[in-house]
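Values in this text are rule-based calculations from the coordinates and carry no lab data. Owing to the predicted nature of the structure, the values given are computational and were not obtained by experimental measurement. Every residue, glycine as well, gets a Cβ built from its backbone with ideal geometry; the counts of neighbours run over all protein chains shown.
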Amino acid sequence: MSVEIEIGQRIKAHRQSNHLTLKQLGEKAGCSDAYLSQIENGRVSPSISTLKKIAEALKAKITDFFVESQDDDPVVLPQDRRISLSLERWSAEIQSLVLNPKNKRMHPFFTTIKPGGGSHGLYSHVGEEFGIVLQGELEIDLNGSIHRVKEHESFYYNSSDPHSWTNPGKTDTVVVWVISPPTF
């Protein structure tokens, strides 16, 4: 089963548990019911911006669409136990560095972004973001102001400002990213 289908099924389950029709959710999330149906059936890969709007309309987090709630919360998380939060459209692999972000003050991620990959649209949420680029270059758009973050440079911004990110380079960009509080 593809990741898009699994995510679509989880969105549908959240929608149904909130007793919303596709049309009602579409109105709350600012997209058409036909597009939501395509997402729920795994036919399209939504942007992070769209997933964020759907999550907010369902009073959920994006991570809720990718993973089941985890009871296990180890002090050390081996690489092979990381949970991937990625869709093909993003051309990025976003791995959670904790199994259970609930009741945490921050949510760290290990992110690898292919050339041209990114969030594909501005989005915002409560909190702050910090990161360090380990490899490559990252472009962050903060409400129309473009910031280039080079290898070994860090960034920090208020997540309530509309923002997006992309890899403008020709090689993979690797970032350790932290969101506080866990709202992704």
Between I146, G26, S47, whose Cα lies farthest towards the positive end of the dipole of segment 1-146 when Lys and Arg beta carbons carry +1 and Asp and Glu beta carbons carry -1, centred on the Cα centre?
G26
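Taking 10 °C and 1.306 mPa s as the conditions, I'd like the Stokes-Einstein D for segment 3-65 in µm²/s, using the Kirkwood hydrodynamic radius from alpha carbon pairs. Display every interim value, and only then the final one.
Values: Rh = 11.0 Å.
Approximately 144 µm²/s, per Stokes-Einstein.
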Mind jotting down the distance between the C-alpha centroids of segment 134-148 and segment 84-124, whole Å?
15 Å
Under the rule that an exposed site lies in a DSSP loop and has at most 15 other Cβ atoms within 10 Å, name the longest stretch of the chain with no GluC sites (Glu not before Pro) of that kind, not counting the sites themselves.
69-150
Roughly how tilted is helix 3-17, in degrees to the nearest 10 and between 0 and 90, from the longest Cα axis of the chain?
50 degrees
With no solvent term and unit scatterers on the alpha-carbon positions of segment 99-158, Debye gives log₁₀ I(q)/I(0) at q = 0.13, 0.15 Å⁻¹ of -0.40, -0.53
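What trypsin sites (Lys or Arg not before Pro) in segment 3-66 are in a loop by DSSP, with at most 16 other Cβ atoms within 10 Å of the Cβ? Could the numbers behind the result be given before it?
On the way: sites: R10, K12, R15, K23, K28, R43, K52, K53, K59, K61; in loops: R43, K59, K61.
Sites meeting the loop and neighbour criteria: R43, K59.
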Debye intensity ratio I(q)/I(0), log10, the chain, q values 0.09, 0.11, 0.13, 0.19 Å⁻¹ (C-alpha model)
-0.31, -0.47, -0.66, -1.40
Partners for K150 among aspartates and glutamates (Cα-Cα distance below 12 Å; same-chain residues under 8 apart left out):
E137, E139
Evaluate the distance, in nm, between pseudo-label points positioned 7 Å from the Cα of T171 and of E27 along their respective Cα→Cβ axes.
5.2 nm
For helix 48-57, report the angle its Cα long axis makes with the longest principal axis of the Cα atoms of the chain; keep it between 0 and 90° and round to the nearest 10°.
50 degrees
Placing one identical point scatterer on every Cα of segment 79-180 and ignoring solvent, what is log10 I(q)/I(0) from the Debye formula at q = 0.17, 0.19, 0.21 Å⁻¹?
-0.74, -0.94, -1.17
